[in-house]
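A.B. asks: Below are the structure tokens for one structure; questions will follow.
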Amino acid sequence: MKNTLLRAMVLGCVLTAATGFAQDKTTEKPQRNGEKMFEKLDADGDGKLSKDEVAKAERPMLKDKFDEIDTNKDKYLDKDELKAFREKQMANRKKKEDQ
């Protein structure tokens, strides 16, 4: 009887801990893939991507379209420019699909 009670208490503790852990995970704000990619490419951590950083990252599309994406012509890509370019690409893709 004592053995069964002990097992029930241990199981209850495990389930309570697992529930708490699962709840903690869901309250974390997930980081978007674009932000992760940007941080990975931003080798010097200055919040912008230089042509050298893009070239070293072996991202052919970013390298080829760098000047088009760099709308303010400061020779760097920032998160807003990349987001605008990505949205433009998605809109163009959707437009083609709708035709």
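The values are calculated or read from the model by the stated rules, or taken from the named source; none is laboratory data. Predicted model only: the values in this text are computed from it and were never measured. Every residue, glycine among them, receives a Cβ derived from its backbone with ideal geometry; neighbour counts consider all protein chains shown.
A.B. asks: Of the residues that make up segment 62-71, is at least one among the hydroxyl-bearing types (Ser, Thr, Tyr) and in contact (Cβ under 8 Å) with a residue 24 or more places away in the chain? Write out each step before concluding.
C.D. replies: Filtering segment 62-71 down to residues among the hydroxyl-bearing types (Ser, Thr, Tyr) leaves 71.
Applying the additional criterion that residues be in contact (Cβ under 8 Å) with a residue 24 or more places away in the chain yields none.
Taking every residue of segment 62-71 in turn, none turns out to be among the hydroxyl-bearing types (Ser, Thr, Tyr) and in contact (Cβ under 8 Å) with a residue 24 or more places away in the chain.
A.B. asks: Within segment 10-64, take every residue that is among the acidic types (Asp, Glu) and surrounded by 10 or more Cβ atoms within 10 Å (Cβ to Cβ) and give me the one that is modelled with the lowest pLDDT. Break it down stepwise before answering.
C.D. replies: As a first pass, look at segment 10-64 and keep what is among the acidic types (Asp, Glu): 24, 28, 35, 39, 42, 44, 46, 52-53, 58, 64.
Now drop any that are not surrounded by 10 or more Cβ atoms within 10 Å (Cβ to Cβ), which leaves 35, 39, 42, 44, 46, 52-53, 64.
Details: 35: 86, 39: 92, 42: 95, 44: 95, 46: 96, 52: 94, 53: 95, 64: 94.
Across segment 10-64, the extreme among qualifying residues is 35.
A.B. asks: Condition check: out of contact with any His (no Cβ under 8 Å at 6 or more places or on another chain), surrounded by 12 or more Cβ atoms within 10 Å (Cβ to Cβ), among the hydrophobic types (A, V, I, L, M, F, W, C) and part of a helix (DSSP H, G or I). Does residue 84 satisfy that? Talk me through it step by step, then tell me what you get.
C.D. replies: Values: out of contact with any His (no Cβ under 8 Å at 6 or more places or on another chain): yes; surrounded by 12 or more Cβ atoms within 10 Å (Cβ to Cβ): yes; among the hydrophobic types (A, V, I, L, M, F, W, C): yes; part of a helix (DSSP H, G or I): yes.
Answer is yes for this residue.
A.B. asks: Of all residues in segment 35-54, how many are touching a residue at least 12 places away in the same chain (Cβ under 8 Å) and part of a helix (DSSP H, G or I)? Steps first, answer last, please.
C.D. replies: Kept after step one, since they are touching a residue at least 12 places away in the same chain (Cβ under 8 Å), are these residues of segment 35-54: 35, 38, 40-41, 43, 47-51, 53-54.
Those still in the list that are part of a helix (DSSP H, G or I) too: 35, 38, 40-41, 51, 53-54.
Total satisfying the criteria: 7.
A.B. asks: Can you run down the residue pairs with Cβ atoms below 6 Å, 6 or more apart or on separate chains, where the first is in segment 75-99 and under 23 Å from residue 44 (Cα atoms) and the partner is of a type in the set (Val, Ile, Thr)?
C.D. replies: 77/69; 81/69; 81/71; 85/69
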